[in-house]
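The values are calculated or read from the model by the stated rules, or taken from the named source; none is laboratory data. This is a predicted model, so every value here is computed, not measured. Don't worry about glycine lacking a Cβ; one is built from the backbone with ideal geometry, like all the others, and counts go over all protein chains shown. Note: accessible area is taken over every heavy atom of the protein model, side chains too, but ligands, DNA and RNA are not part of it. Shrake-Rupley method; radii C 1.70, N 1.55, O 1.52, S 1.80 Å.
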Amino acid sequence: MASSSLLKILPQESPLREVGALIDPLDWPATEGNDPPRALRGLAKIINGGLCHRCGTCVGICPTNVLSVDKFGYPVVKNLSACTDCDLCVRVCPGDEFDFHKNIEEKFGIKGELENTHGHFVDSFIAYSSDPEIRKNSTSGGLVAAILLYLLETKQIDGAIVISSDEDVLWRGKPIIARSKDEILKAIKSKYAISPTNSVFAEIRNIPGNMLWLVYPARFMALLKQHN
């Protein structure tokens, strides 16, 4: 398969090689006469090492909209000249020097176990939506949709990040900021494909009101507040 990519994200024989270039050209470390922003070079190294989770966080935190995502959810550069080399994209990346054991100990005061990486649970419950239509049309009871609709209708939030389906490829998740009942209901059902959810955080910065996402990276929020 031919590819215009100059960023080796996966082995050459992989179909995911059909992606956009992150920087042009890519050498590590920098060579004489080739000096793109240090932050982007660091980000490229993370992707080259197979550590990109395709979460979209680097895209969402970029203050000058340098980055975007390609059709596979990988970060790509859309405006290289706007890069200020602030390094936020690398500092927020969970693929960059993330200390799992230290993170668990700081947050929960327990020793982290690599065999059990589903998170720290205080308690668990089984629940479903009391609305029969939501429950029938959902994947696992419609609890999340019901909670979001309640918060929206009671004006506790003005919107929420949800994963809708791509209009052209239905199995592909598409993060959106839902601000109406219809938008939340259109995003009903679980999505099991990778989706760069955090890429829409950049849009939130320009929207007044309270936005809700059920899981957010504390590292991202700390850096965002620090930058602002």
Please tell me which of these pairs span more than 31 angstrom C-alpha to C-alpha: Lys45/Lys107; Lys155/Lys189; Lys155/Lys191; Lys45/Lys191; Lys78/Lys111?
Lys78/Lys111
Cα-based shape type of region 49-162, given that a ≥ b ≥ c are square roots of the gyration tensor eigenvalues and the cut on a/c is 1.5
oblate
Which whole-number percent is the relative contact order of region 38-188 (Cα, under 8 Å, 6+ apart)?
14 percent
Label-reachable residues, region 141-183, where backbone N falls under 14 Å from a point 7 Å from Ile126's Cα toward its Cβ:
141
Calculate the spin-label point distance for Glu106 paired with Asn65, positioning each point 7 Å from the Cα along the beta-carbon direction, and give it in nanometres.
3.2 nm
Once the whole set of protein chains is in place, how much accessible area is left on Phe100, using a 1.4 Å probe, in Å² to the nearest 10?
40 Å²
Percent accessible area from carbon and sulfur atoms, region 27-145, protein chains only, probe 1.4 Å
52 percent
Mind checking the dipole of region 61-188: about its Cα centre, +1 per Lys or Arg Cβ, -1 per Asp or Glu Cβ, Debye to the nearest 20?
380 debye
Please report, in debye to the nearest 20, how large the charge dipole of region 101-162 is about its Cα centre when each Lys and Arg carries +1 at its beta carbon and each Asp and Glu carries -1 there.
40 debye
